[in-house]
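All remarks here apply to the structure that follows.
The values are calculated or read from the model by the stated rules, or taken from the named source; none is laboratory data. Source: prediction; values computed, not measured. Cβ sites come from the backbone with ideal geometry, for glycine too, and all protein chains shown count toward neighbours.
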Amino acid sequence: MPELVGTPRRTRRRSIAALLAVLAVLSVACDHYAAAEVPETIAAPSLTPAPISLAEPETVSCPAVVTEAGAVVVDTLRLANGTCVPVDVAVVYRCDPSFDPVAVLDIHGDRHRFLGGSFAVPVDAIPAGARALGITTLGRVFDIPDDPRWLFLESAGHYERWMELPPLGDVGETPTVRLIGDSILDGAAETLAARLPEWVLTVDAAIGRSTSGAVSVAEAVAPMAEDLAVIELGVNDQDADVTAANAARIVAAASGARGLIWVTAHGPDPETDAVNRALEAAVATLSQGAIADWDAGAPPEALSSDGVHLTDGSGGAFVEFLAPVLEAWHLTATGRGADRCGAQVSAAA
């Protein structure tokens, strides 16, 4: 049974078979980009706007390979002169059009995977010192030359940081998760455990908890060694500046986990939007962090009159929102789901 730690009761409560033949066209000889040595420890990149010198080429010589509906879409990176980056060096692909995109970079033979789409976190700018790798149909791709943990995308003035995935093999079939939250998580804890029976869940949730009340909880178990840390906090915060400071400490405490997912706050308080922006900014500083947007996904019909808590005391609607996010991360981390074609793409490269 999943372990439910410190959870008080509450009265209010959320065909890839065609791939190899088609991908044969990807064996194109192109120039490799240079990659620098990786230092042992590097801080999160400073989000100071970086000069963007990669121009859209007049002609495109790198084909984006699209197979039959429901199959793999491989998006090669192209340089400003129209030539392509070899697929074994850098590539973006979708294993199915409905899945989030995956990017793979090869740094000195070390393969790094990133998950975009709903797992990408918005940032204000491409960091200073970032390197433009190439252009895809999604936008311009950037990395940090001396730190392979980071991947950024720029498209039409929108910037985002993709979620770094753990190396294949690091996460097992029975993932461990530490969850810290407020009354929403408190009410949903047992339902979530039943929804993910093979997972090892450690839940610490308290009614009325704010990020201020969670800093000591998170720091007491730092460095978190679980596969995934899930934070569901913010709806009880009243000052976004305070939230920003608290969230930075909580994210730092959770940085030992292989992944972090922070669930946004949903409620009628006018400060909630600013609080969520503060949470987003904090998570953006952690390469393996992502946001689960409960604020956008909360079904109005499942909420009580206060606009925060769920009418269903078991938190069923919240579990139906959160569990698929956790499962999607776990499947991708283990080379399935969004990355189920990763081995074939790698072999074709």
I need a count of the residues in region 322-349 that are farther than 11 Å from Y93 by Cβ and not charged (D, E, K, R). 16
Subset of region 267-283 (residues that are of a type in the set (D, E) and under 18 Å from A254 (Cα atoms)): E280
Identify, from the list D269, D273, D241, the residue that is within 23 Å of the chain's Cα centre (by Cα) and either aliphatic (A, V, I, L, M) or surrounded by fewer than 24 Cβ atoms within 10 Å (Cβ to Cβ) (or both). D273
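Table: residues versus (1) assigned to a loop (DSSP other than H, G, I, E, B); (2) more than 20 Å from D306 (Cβ to Cβ); (3) at pLDDT below 95.
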{"residue": "I184", "(1), (2), (3)": "no, no, no"}
{"residue": "G187", "(1), (2), (3)": "no, no, no"}
{"residue": "A193", "(1), (2), (3)": "no, yes, no"}
{"residue": "T202", "(1), (2), (3)": "no, yes, no"}
{"residue": "R209", "(1), (2), (3)": "yes, no, no"}
{"residue": "V215", "(1), (2), (3)": "no, yes, no"}
Can you name the condition, by its number, that Y93 falls short on among (1) surrounded by fewer than 19 Cβ atoms within 10 Å (Cβ to Cβ); (2) within 20 Å of the chain's Cα centre (by Cα)? (1)
L201 meets each of (1) out of contact with any Pro (no Cβ under 9 Å at 6 or more places or on another chain); (2) assigned by TED's automatic domain parsing to the domain that holds V221; (3) of a type in the set (A, V, I, L, M) with one exception, condition (1)
If I261 satisfies all but one of (1) part of a loop (DSSP other than H, G, I, E, B); (2) under 21 Å from the mean Cα position of the chain (by Cα); (3) surrounded by 18 or more Cβ atoms within 10 Å (Cβ to Cβ), what's the number of the condition it fails? (1)
Would you confirm whether or not region 126-142 contains a residue that is assigned to a loop (DSSP other than H, G, I, E, B), of a type outside the set (D, E, K, R) and in contact with a helix residue (DSSP H, G or I) (Cβ under 8 Å, 6 or more places away or on another chain)? no
Quick check, is E164 closer than 22 Å to R94 by Cβ and under 13 Å from the mean Cα position of the chain (by Cα)? yes
Does S155 count as of a type in the set (S, T, Y), surrounded by 23 or more Cβ atoms within 10 Å (Cβ to Cβ) and modelled with pLDDT of 95 or more? no
